[in-house]
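Visitor: My questions all concern the structure below.
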Amino acid sequence: MRILLANDDGFGAPGLKCLETIARTISSDIWIVAPDSDKSGASHSLSLDVPLRYSQLADQMFSVAGTPTDCVLLALLELIPPPKPDLILAGINAGANLGDDVTYSGTVAAAMEGSLHKIPAIALSQNMLKSAPLNWQPAEQYGAMVIKRLLSLGWPLHVIINVNFPSTSQSGVKGITLCHQGKGKPGSKITRRLDPKGREYCWIDSVRSCEEVSEDSDRFAIENGFISLTPLRLNLTDEKVLAALSREVDSVI
């Protein structure tokens, strides 16, 4: 099985190294194409006005001066010879991608780009607590099992699977649950500061907005010690609204 790894935290991120370790328990044919610097929050953006420069760092390993989407696109169309990868794994992100986070996430976007090329794709993120040291244990312990289980079940190519691991010790993980995308967005607070020369600037805080957390949501699962699995579709059309508007438009015409 040929597996492509990408992320948005950058090539040197510990989460990518964690994901590589997990991927090598599944296959020996691993390709890594990741941004050369942190591109968190890049969403599904493409670099259309600048050339894509890349460096080969080792056999089947490349860093790209671009976004996570650039990395997957470049990997699939230029860097990886046939056959194309059988699976794309994005992450492991340092911090959860829950609720409305997924619309900002470069990790999720890397998986989305893979899906657009008809390749099964999984986005993986490890929830982190600001008050505690980085803890990768849940992802390290359960990552391979979750990926293998998903592969055995399968899912449609127009859907990606968004996986989040809770911020707890591996023994504290209560289980795995399938859930809906919840609510709540990052960037709900702007902090004003002064630089060393006394000039004012603003900093977007990563604090998530306060929304009601439903029990069937990804946020509820993570906050209660479960690994969350959420299938996300790429087609954003709201079928109910489309049908309702179509009836109104038809009646006018």
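Every number in this text was worked out from the coordinates using simple rules, so none of it is lab data. Just so it is clear, the structure is predicted and the values come from calculations on it, not from any experiment. Cβ placement follows ideal geometry from the backbone for every residue including glycine, while neighbour counts extend to all protein chains displayed.
Visitor: Assuming a ≥ b ≥ c are the square roots of the Cα gyration tensor eigenvalues, decide whether region 1-50 counts as rounded (a/c under 1.5), prolate (otherwise, with a/b larger than b/c) or oblate.
Guide: Because a/c hits 1.5 or more and a/b exceeds b/c, region 1-50 counts as prolate.
Visitor: Let me check against my output: what whole-number percent is the relative contact order of region 68-196, with C-alpha pairs under 8 Å and at least 6 apart?
Guide: 29
Visitor: Output the antiparallel fraction of DSSP beta bridges having both residues in the chain, as a percent to the nearest 5.
Guide: Of those bridges, close to 35 percent are antiparallel.
Visitor: Now for a different question. Would you calculate the separation in nanometres between label points at ILE176 and SER55, each defined as 7 Å from the Cα along the Cα-to-beta-carbon direction?
Guide: Output for this residue pair reads 3.7 nm.
Visitor: At each listed q (0.15 Å⁻¹), what is the log10 of I(q)/I(0) that the Debye formula gives for the chain modelled as equal alpha-carbon point scatterers?
Guide: With no solvent term, the Cα-only Debye profile gives -1.05.
Visitor: Sticking with this structure for a sec: Work out, step by step, the length gained on full extension between LEU48 and LYS240: first 0.36 nm times the residue separation, then minus their alpha carbon distance; give nm to one decimal.
Guide: 65.7 nm
Visitor: Subtract the Cα-Cα distance of ALA65 and VAL207 from 0.36 nm times their separation in residues, and report this length gain in nm to one decimal.
Guide: The ALA65-VAL207 span can extend by a further 48.3 nm.
Visitor: OK, next. Going by average Cβ neighbours within 10 Å, how do the peptides 29-38, 73-82 rank, with the highest at the top?
Guide: With the highest mean Cβ count within 10 Å placed first, the list reads 29-38, 73-82.
Visitor: Here's something else I'd like to know. Pull out a ≥ b ≥ c, the square roots of the eigenvalues of the alpha-carbon gyration tensor of region 9-127, then state rounded if a/c is under 1.5, prolate if not and a/b is larger than b/c, and oblate in the remaining case.
Guide: Rounded.
Visitor: Over what distance in Å are the Cα centres of region 129-167 and region 1-80 separated?
Guide: Measuring centre to centre over Cα atoms gives 18 Å.
Visitor: How about LYS118: which lysines have a C-alpha closer than 26 Å to its C-alpha, ignoring those fewer than 8 places off in the same chain?
Guide: Qualifying lysines at Cα under 26 Å: LYS17, LYS39, LYS84, LYS148.
Visitor: Can you show me the helix-derived [θ] at 222 nm for the chain, built from DSSP H runs with n ≥ 4 at -39,500 (n - 2.57) apiece and divided by the number of residues, rounded to the nearest 500.
Guide: -7500 deg cm²/dmol
Visitor: Suppose we keep just the DSSP beta bridges with both residues in region 43-163; what percent of those would be antiparallel, to 5?
Guide: Counting DSSP beta bridges with both partners in region 43-163, the antiparallel share is about 35 percent.
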